[in-house]
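Each remark here refers to the structure printed beneath this line.
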Amino acid sequence: MSRVVHPIEQESYRRLRARLDTSHFPPLTRAVVERVIHSAADLGYATDLVTDEAALEKAYAALHAGAPVVVDVEMVAAGITRRETVCRLEEARSGPGLTRSAHAVRLAYEQVGPGALWVIGCAPTALEELLTLDADPALVIGLPVGFVGAAESKAALRESGLPAVSNVSEKGGSAVAAAALNALLYHPTSYSDSPFEEKS
């Protein structure tokens, strides 16, 4: 079933593109950058996000082939409306040297195994825990927010060499993490069919 784009969303993208030229980005990178900016009304993400088109292409294929999507918190899950997600935070328990978010990542990995897409928008410790596992992810969307550990965990993600979407600064959050995943969900199979493309 094709997605119906609301006129307000179309107008929002028109205004975004009037203020920021995104035409130089490759297709999936552009989709992610624009949807993240749209979700936060923050043009700064254009230079703050770190993506790789080849990694996004592989993740796009995995996602549309049915790979599991794991989220760190229900707020991220709530923003992903066209796909079921796995969130194990409710069952997780903290312990010595282990946050609930980190334990939830362990539980989720036990459930889904390798090849999943991980969407982390809240807890840096969830991202840190994921990096200790042999998760072999299709993609890690690592956009946790905060002044303690967020930027450091995202730097560690980039250094890990895993296929990822991250950003350099402390900003992030559930809405932008969900937006990055939605960009891959919503993007048409034929990149020329995007409802947001300007017609010549």
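The values are calculated or read from the model by the stated rules, or taken from the named source; none is laboratory data. These numbers were taken from a predicted model, which means no experiment stands behind them. Just the protein is used for accessible areas: all its heavy atoms, side chains included, with ligands, DNA and RNA removed. Shrake-Rupley method; radii C 1.70, N 1.55, O 1.52, S 1.80 Å.
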Amide hydrogen neighbours beyond the local backbone of N167, cut-off 5 Å, H modeled: V50
Whole-number D in µm²/s for the chain (Stokes-Einstein; Kirkwood sum over Cα pairs; 4 °C, 1.567 mPa s): 77 µm²/s
Gain upon complete extension [S160, E90; 0.36 nm per residue less C-alpha separation]: 22.4 nm
Scaled radius of gyration (Cα, divided by 2.2 N^0.38 Å) that the stretch 1-71 gives: 1.21
Amide hydrogen neighbours beyond the local backbone of V86, cut-off 5 Å, H modeled: V69, V70, V71
The chain - accessible surface per residue (Å², probe 1.4 Å): 49 Å²
Rounded to 10°, Cα long-axis angle of helix 27-40 versus longest principal axis of the chain: 80 degrees
Fully extended contour minus Cα-Cα distance, from Q111 to T22, at 0.36 nm per residue: 28.2 nm
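What's the carbon and sulfur percent of the stretch 59-127's accessible surface, probe 1.4 angstrom, rounded to a whole number?
It is 53 percent, rounded to a whole number.
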Angle in degrees between helix 53-64 and the longest Cα principal axis of the chain, rounded to the nearest 10: 80 degrees
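Of all DSSP beta bridges located in the stretch 1-142, what percent are antiparallel, nearest 5?
So the antiparallel bridges in the stretch 1-142 amount to around 10 percent.
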Other-chain or far-sequence residues with amide H under 5 Å of G173's (modelled H): V145
³J(HN,Hα) computed for each position of the stretch 93-110 - Karplus, 6.51 cos²θ - 1.76 cosθ + 1.60, integer Hz, glycine/proline x: 9, 7, x, x, x, 9, 7, 4, 4, 5, 4, 4, 5, 4, 4, 5, 5, 4
